[in-house]
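Trainee: Provided herewith is a single structure, encoded as structure tokens, for subsequent inquiry.
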Amino acid sequence: ILIPDGFSEALLVTEDVLKENATTPTENTVKTYSCTKAVQSDTLSAGIYILETWGAQGGSYSTTYTGGKGGYSTGTLTLKESQNIYVYVGCQGSAHSTTTGGTSAGGFNGGGSAKTVAYSGTTSYVTGGGGASDIRIGQDSLYARVIVAGGGSGYGGTATTAGTNGSFGVGASANPRSTNYKYASPGGGGGWYGGGSSGTQYSDSTDYRTYTGGGSGYVYTSSTASNYPSGNKLNSNYYLTDTKIYDGNTTFENKDGKLEKGHS
């Protein structure tokens, strides 16, 4: 399970392969990874693993203007031999910069950044997008991700395309060409494909505060393998089963078994 306190999370539940003629598994264990702003590596023995990932929330301006919440993805992995994994737990996007032209950083693992703009007494305190949480098998590469939970912020990436100005694995950053305007957009969320943002654009329309998107979730299966762009480093040995993906506007269980609407 990938899950950081105050950020995103991820969980890994393992069940040893049944011994010949055995009627119960030898042992069940649960391992939780938290946001450390760095990759975490581990080695899994042959066995059956339930993977759960929660994406991070986007940055919040106040208790009223909060960042979009992270999504959730789960699936079961069956390994026939031991394998190295690389766990990325997304972190929440930064709160707003109060300095005109100041940057609000995106959360670890793909969250897009944003830049504060101001004009004629109105300041747009935009925030960074939330980072995605993912698990990679065999190699530490975006092209070895077997499961992804998107980071928060609104609308954005899909299974096959990024949001406006976003890219594979990375949410768009909002870097307006001018800070002498009333409104600009927050950063997009990280994900399988990153969420969008208005990028270099700015406006006097309040709508621009909502021109941002959350990253998409992903699970690697026989039917979704073709969604990988050129360079896929996985093969059919790592197809997941019993998969589910939820976005940040949906109700699902947190790591403690309690319901939450999007992951904060």
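The values are calculated or read from the model by the stated rules, or taken from the named source; none is laboratory data. Just so you know, these numbers come straight off a predicted model, no measurement behind them. Every residue, glycine as well, gets a Cβ built from its backbone with ideal geometry; the counts of neighbours run over all protein chains shown. Heads up: the accessible areas ignore ligands, DNA and RNA and are worked out on the full protein's heavy atoms, side chains in. Shrake-Rupley method; radii C 1.70, N 1.55, O 1.52, S 1.80 Å.
Trainee: Tell me whether the range 50-127 comes out rounded, prolate or oblate; compute the Cα gyration tensor, take square roots of the eigenvalues as a ≥ b ≥ c, and use a/c under 1.5 as the rounded threshold.
Mentor: prolate
Trainee: Next up: Arrange the peptides 226-234, 101-109 so that the one whose residues have, on average, the most other Cβ atoms within 10 Å appears first.
Mentor: Descending packing order for the listed peptides: 101-109, 226-234.
Trainee: Please give the solvent-accessible surface of residue 256 in Å², to the nearest 10, using a probe radius of 1.4 Å with every protein chain present.
Mentor: 110
Trainee: Related question: Tell me, in nm to one decimal, what length is gained between residue 81 and residue 251 on full extension, where the rule is 0.36 nm per residue of separation less the Cα-Cα distance?
Mentor: Contour length minus the Cα-Cα distance gives 57.7 nm.
Trainee: Please work out the FRET efficiency for the pair residue 43 and residue 139, using the Cβ-Cβ distance as r and a Förster radius of 22 Å; give the result to the nearest 0.05.
Mentor: E between residue 43 and residue 139, to the nearest 0.05, is 0.95.
Trainee: Which ³J(HN,Hα) values, rounded to whole Hz and listed in residue order, are derived for the range 83-92 from phi using the Karplus coefficients 6.51, -1.76 and 1.60 in 6.51 cos²θ - 1.76 cosθ + 1.60 with θ = phi - 60°, glycine and proline given as x?
Mentor: 8, 7, 10, 10, 9, 10, 9, x, 10, 5
Trainee: Here's a follow-up. What size of dipole, in debye to the nearest 20, comes out for the range 27-86 about its Cα centre when the only charges are +1 on Lys and Arg C-beta atoms and -1 on Asp and Glu C-beta atoms?
Mentor: For the range 27-86, the charge dipole is close to 220 debye.
Trainee: What residues have an amide H closer than 5 Å to that of residue 248, excluding those fewer than 5 places away on the same chain, when H is modeled at 1.01 Å from N in the peptide plane?
Mentor: Here 71 satisfy the definition.
Trainee: Which of the residue pairs 80/258; 69/244; 69/255; 37/80; 80/233; 69/233 have a Cα-Cα distance greater than 21 Å in the structure shown?
Mentor: 80/258; 37/80; 69/233
Trainee: While we're on this one: Once you have the Cα-Cα distance between residue 29 and residue 63, take 0.36 nm times their residue separation minus that, and quote the gain in nm to one decimal.
Mentor: That pair, residue 29 and residue 63, stretches by 8.5 nm at full extension.
Trainee: Just by accessible area at a 1.4 angstrom probe, what is the order of 259, 44 from largest to smallest?
Mentor: Final ranking, largest accessible area leading: 259, 44.
Trainee: Enumerate the amide H contacts of residue 185 below 5 Å, restricted to partners 5 or more residues apart or on another chain; note that Pro and chain-start residues carry no placed amide H.
Mentor: Amide H neighbours of residue 185, under 5 Å, 5+ apart: 198.
Trainee: Quick one: Karplus J couplings for the range 33-41, per residue in order, coefficients 6.51, -1.76, 1.60, θ = phi - 60°, nearest Hz, x for Gly and Pro?
Mentor: Values, residue by residue: 10, 10, 5, 10, 6, 7, 5, 10, 9 Hz.
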